1. Could you tell me whether any residue of region 370-393 is closer than 21 Å to Leu32 by Cα and surrounded by 23 or more Cβ atoms within 10 Å (Cβ to Cβ)?
2. Kindly evaluate Ile88 against the criterion of being in the same structural domain as Ile147 (by TED's automatic domain parsing), part of a helix (DSSP H, G or I) and closer than 16 Å to Val214 by Cα.
3. Taking region 355-394 as the search range and keeping residues that are in contact with a Leu (Cβ under 8 Å, 6 or more places away or on another chain) and more than 23 Å from Arg291 (Cβ to Cβ), which one is modelled with the highest pLDDT?
4. Of all residues in region 75-111, count the ones that are crowded, with 24+ Cβ neighbours inside 10 Å and either at pLDDT below 95 or farther than 19 Å from Ala156 by Cβ (or both).
5. Just checking, which of Gly243, Gly235 is buried (at least 16 other Cβ atoms within 10 Å of the Cβ), in a loop (DSSP other than H, G, I, E, B) and out of contact with any Ser or Thr (no Cβ under 6 Å at 6 or more places or on another chain)?
6. Please pick out the residue among Pro19, Pro30 that is part of a loop (DSSP other than H, G, I, E, B) and crowded, with 17+ Cβ neighbours inside 10 Å.
7. Name the residue, out of Gly179, Gly169, Gly153, Gly148, that is surrounded by 23 or more Cβ atoms within 10 Å (Cβ to Cβ), on the phi > 0 side of the Ramachandran plot and not hydrophobic (A, V, I, L, M, F, W, C).
Amino acid sequence: MPTKTITGPADLAINGAPPAFAEPLHVGRPNLGDREALLRYTAEIYDRRWLTNDGPLVQELETRIAQRLGVRHCVAMCNGTIALEIAIRALGLEGEVIVPSYTFVATAHALHWQAITPVFADIDPATHNLDPAAVRRMITPRTSGIIGVHLWGRPAPVAALQAIADEHGLQLMFDAAHGFDCRLGARKLGGFGRCEVLSFHATKVFNTFEGGAVTTDDDTLAETMRLMRNFGFKGYDNVIHPGTNGKMPEINAAMGLVNLDALPGFIAANRANHEAYAAAFAAIDGVRLLRYDDAQDPNYQYVVAEVDPQFPASRDRIVAALQAENILARKYFWPGCHRMQPYRDLYPHAGLLLGNTEAVARRVVVLPSGSTLPPGTPGLVADLFRNVLQAHGP
């Protein structure tokens, strides 16, 4: 809750004054469903003494997610990064794989970790998703696949990427970490490409404490990934495939079942927050809020503002002022994977082909949201933008 009454821009970010919020406001503070339902599931787990290894709650969660997303298979995993790694290996990707640099670094790391070269393609500055024309330019004889990212939950250009993949004989998969419950046309995200990878990390609109999954309509691929997440075991004492430990524990599935029931409320809260931010920022020239298309069933998890390069105060100055008020806004996905290690040293000139990526990364700030956001926060954040504009200038 605010520590003081704030009546307008002049009351914010005053040197020596207490911050506007006594407790930090985070991007992606965890959504939590019904406590009593979670405790009931926990008691069942305790009584069964079945804690992991494809337990009944994991199976139930997989079934419900597959049905919800309209896919044949959901393979639950311990986290989204392991899900990416297993999907990449199950598809047989090798050599080079084209990915956006404007994404969470796990997308690139999941390739590099397996001695596959992530080749960074530029984005469309209007959508923040991969630009199909840029993908075409990055294809070489060593390219084996493309990983599209549904950034902010807005669908990647699926049809165009699929056409490129088909033309060049490439595998296509999607990182759908942001896109849970969103849709493209008549279909939910989860059934495009060979497979799609979901993240159920605590910061996502739907979480299982920590977790992830791969969804697919490919029966053989799903069976392969089920083997791979459990060391390649087919029954007791019978290892028939290379594998690792990617299993989701029962307690995580319990959290997932509780939060799946609560998901409509989480999304409704996100939407209300986004609409409040949009109204509060409507009169601020030089700051544009990324908008969502209701036809895509957005989950509204991310409130993304772009600060125009001509705005009198820099994006970084605004972020610093927000954080001084315990509003922990983030510079997603600054500075782009290609400028993080090890890629900065491996590909020092990648930025020459990533002009849109670098421009977007310089101007984006993601604002706190979520089901626990204190009432009135969007207006206070907008006031702070105005205060920085008025008080600090360029």
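1. There is no residue in region 370-393 that is closer than 21 Å to Leu32 by Cα and surrounded by 23 or more Cβ atoms within 10 Å (Cβ to Cβ).
2. Yes.
3. Pro374
4. Residues flagged as crowded, with 24+ Cβ neighbours inside 10 Å and either at pLDDT below 95 or farther than 19 Å from Ala156 by Cβ (or both) within region 75-111 amount to 5.
5. Working: Gly235 fails: buried (at least 16 other Cβ atoms within 10 Å of the Cβ).
The unique qualifying residue is Gly243.
6. Pro19
7. Gly153
Residue by residue, here is whether (1) in the same structural domain as Ala108 (by TED's automatic domain parsing); (2) in contact with a strand residue (DSSP E or B) (Cβ under 8 Å, 6 or more places away or on another chain); (3) not in a loop (DSSP other than H, G, I, E, B) holds:
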residue	(1), (2), (3)
Leu172	yes, yes, yes
Ala177	yes, yes, no
Asp181	yes, yes, no
Leu198	yes, yes, yes
Ala202	yes, no, no
Val214	yes, yes, yes
Arg226	yes, yes, yes
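The values are calculated or read from the model by the stated rules, or taken from the named source; none is laboratory data. Computed from a prediction, not measured in an experiment: that's the story for all the values here. No Cβ is skipped: glycine too gets one built from the backbone with ideal geometry, and neighbour counts run over all protein chains shown.
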